[in-house]
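Take a look at the structure set out below.
Every number here is computed from the coordinates shown, using simple stated rules; none is lab data. Everything quoted here is computed from the prediction, not taken from an experiment. Methodologically, a virtual Cβ is constructed for each residue, glycine included, from the backbone with ideal geometry; neighbour enumeration extends over all protein chains shown.
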Amino acid sequence: MGSSIGDRLSSIGFAPMPDNGLGRKIRRVVGLIVGLIVVLVLLPTTVTYVNPGYVGIVIHRAGGGVDKVPLGPGLHMRNPLTTGIEEYPVFMQTLVLTKASTEGSSLNDEINVNSKEGQPISLDVSMSFELDPDKTPNLYSTFRRDIQAIQHGYVKQSIRQALQEVIGNEEIAAVIGPKKAEAVNQTQMLLSQRLAQYGIVVKQFTINELRAPPAVIEAINQKNVMQQQALTSQNELQKNTFQAQGDSIKAWVMPRRFSPKQKLRPKRTSCCRGA
């Protein structure tokens, strides 16, 4: 009952390791092997690699704060227990919001707004932008999401709001026709102003396709045809008026030019002086 663990091991054939130089060496080797395994397991989590074209946002797990200066591309040491890394791309990107599933995301991302008359308009748009590296920590602190979630969340909503403000003040025929370029420029200006505070630098905004109800498109086409016909009639009227005025002037000038009341002067002949 009072036998030790060593006695029990000896009874089943296991001899205790002698406490001599060889035993100490074996224990030291075993310790080194265990330590090496621990290092190999923990090393990947203590070294972070930030890819080219990205910056790393250092997130402190304890307080939830972030470092004000992001990590540049390359290898960086960190404590995996207290910090995390979120990578943000700083190269130019293009957000495509379209109805087709072959572009952008697989979902229907078209933008729906209303014109001045209250007519619904669906738009396929795209926006090219870059992230200001110095403002990426503030961007993460504000939204606490990756860049894809920010694009299809806040940025998409900002595009919808800007388009509604611009197109909502215009008639649908003007937006489809002569004022489309002006609407694009105004929308890009609004987006640049509103997204700049988060370090989102708008490079280009484009309306790729604009869709209105078929009945509205038909009415606009009929109006354009009527305007073209009226313009053609006006041009024809002006042409006939000019022609009538010309004929009237010609009729007045020709009789006066060849009137019989005009006396024809005899031609002067030279006389030869004779002796």
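Assorted remarks:
- Distance between segment 55-102 and segment 160-210 - C-alpha centres, whole angstrom: 29 Å
- Order of M77, M92 under a 10 Å beta carbon neighbour criterion, fewest first: M77, M92
- Loop trypsin sites (Lys or Arg not before Pro), segment 88-161 (other Cβ atoms within 10 Å of the site Cβ: 14 or fewer; DSSP): K116, R144
- Residue pairs, from the table K116/K203; K156/K179; K116/K180; K135/K203; K99/K156, whose Cα atoms sit over 19 Å apart: K116/K203; K156/K179
- Neighbour-count order for F205, F91, F143, fewest beta carbons within 10 angstrom listed first: F91, F143, F205
- Inter-probe distance in nm under a simple model that places probes 7 Å from Cα toward Cβ, at R24 and T46: 2.8 nm
- E103/A149 FRET efficiency (R0 22 Å; Cβ-Cβ; nearest 0.05): 0.70
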